[in-house]
1. If one computes the Cα centroid of the stretch 164-184 and of the stretch 193-245, what distance in Å separates the two points?
2. Which residues' amide hydrogens lie under 5 Å from the amide hydrogen of LYS44, considering only partners 5 or more residues apart or on another chain, with H built in the peptide plane?
3. Which entries of LYS11/LYS253; LYS31/LYS270; LYS44/LYS281; LYS93/LYS270 show an alpha-carbon separation above 24 angstrom in the structure shown?
4. Given a cut-off of 27 Å, name the pairs among LYS117/LYS187; LYS181/LYS289; LYS29/LYS187 whose C-alpha atoms lie farther apart than that in the structure shown.
5. Using the Karplus curve 6.51 cos²θ - 1.76 cosθ + 1.60 with θ = phi - 60°, work out ³J(HN,Hα) for each residue of the stretch 15-25 in order, rounded to whole Hz, and write x for Gly and Pro.
6. Counting other C-beta atoms within 10 Å, which of LYS208, LYS281 has the fewest, and how do the rest follow?
7. What is the fewest-to-most order of THR141, THR278, THR243 by other Cβ atoms lying within 10 Å of their Cβ?
8. 7 Å from Cα along Cα→Cβ at both LYS208 and THR185: what's the point-to-point distance in nm?
Amino acid sequence: MDLSVNYLGLKLKNPIIVGSSGLTNSVEKIKDLEKNGAGAVVLKSLFEEQINYESNTAEAQNQFDYPEALDYIKVYAKENSIGDYLTLITESKKAVTIPIIASVNCISNGEWMSFAKRIEIAGADALELNISLLPSDVSKTSAENEKVYFDIIEKINTVVDIPVALKMSHYSAGLTNLIQKLSWTKKANAFVLFNRYYNPDIDIDTLKITSSGVFSRSEDIAASLRWVALLSGKIETDIAASTGIHTGADVIKQILAGATVTQIVSSLYKNGTSHLQTILKDIEEWMNKNNYSTLEDFRGKVNYENSKNSVAFERIQFMKYFGGIE
């Protein structure tokens, strides 16, 4: 079977990308992922907030009488974080042949732009912008929140020449309209659906806020599957499906819905990196059984435009009448 695919203008040997995580934060781990069949990797994100935090912490811990010394400490803290990341890109490119996609977790179009070009120079094949958009500020309108996407993609295109993917938040009153308008700009080469957020919980004994649901489950595929199916026939831009992809069947579902590629993380934490081989084997067996020789033979076959029961993708209430849903 031919599992190859073009994503972000890059040739991948298969549609399985290992997403930004602790699995992609070292050269040795990336070499292991390539050995087990990964089509590409997205490096662990460089966080705008983390860089600013480390810089401010260094400033607070080193109080000097000389402003120049303080400036030096702040710059050093930032350069240390950025320098390590650039080294990871350079060394990874030397060690493997699969595409290396850098990742920046950003909340604005601010200071991180200054080192985006350095990411390109270091050798990254593409850049994924993980835009952390949580519309929690009561003083901001939905239009103001969504303008952040346009501001970032506009500015990043003046800085780098490598392909750029936008990892989207699902928080939007008009998500399909937003993504379609972003695609019309021709400044985003792909959309990643969706950004998986930290999930807060409350410990009722200690009254402390804790994290919940660190890893996804196969059942979590529903949200991205719905929106991939709804969007794939409406935009020409590449779509990467993320969250809840654990098995070969999950990958097949997303491609049937119209995804260009899929990103996986949790299933590898749970099953080990060799699970990639199992996923690829299952995809090939299914393709052989159904007489498909390439991914293009069935991509989008069950998206909103092509499905016989497309209304099921728009249903948000359970009704037996629609699609036999109980």
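Read-outs: derived from the displayed coordinates by stated rules, not from any lab. Because the structure is predicted, anything quoted here is derived from the model rather than measured. A quick note on method: Cβ atoms are made from the backbone with ideal geometry, for glycine too, and the neighbour counts reach across all protein chains shown.
1. Centre-to-centre distance over Cα atoms comes out at 15 Å.
2. SER21, THR24, ASN25
3. LYS44/LYS281; LYS93/LYS270
4. LYS181/LYS289; LYS29/LYS187
5. Rounded to whole hertz, the list is x, 9, 10, 7, x, 4, 5, x, 6, 10, 9.
6. Details: LYS208 9, LYS281 12.
The most exposed by this proxy come first: LYS208, LYS281.
7. Working: THR141 10, THR278 16, THR243 24.
By the 10 Å Cβ count, ascending: THR141, THR278, THR243.
8. That separation, rounded to one decimal, is 4.0 nm.
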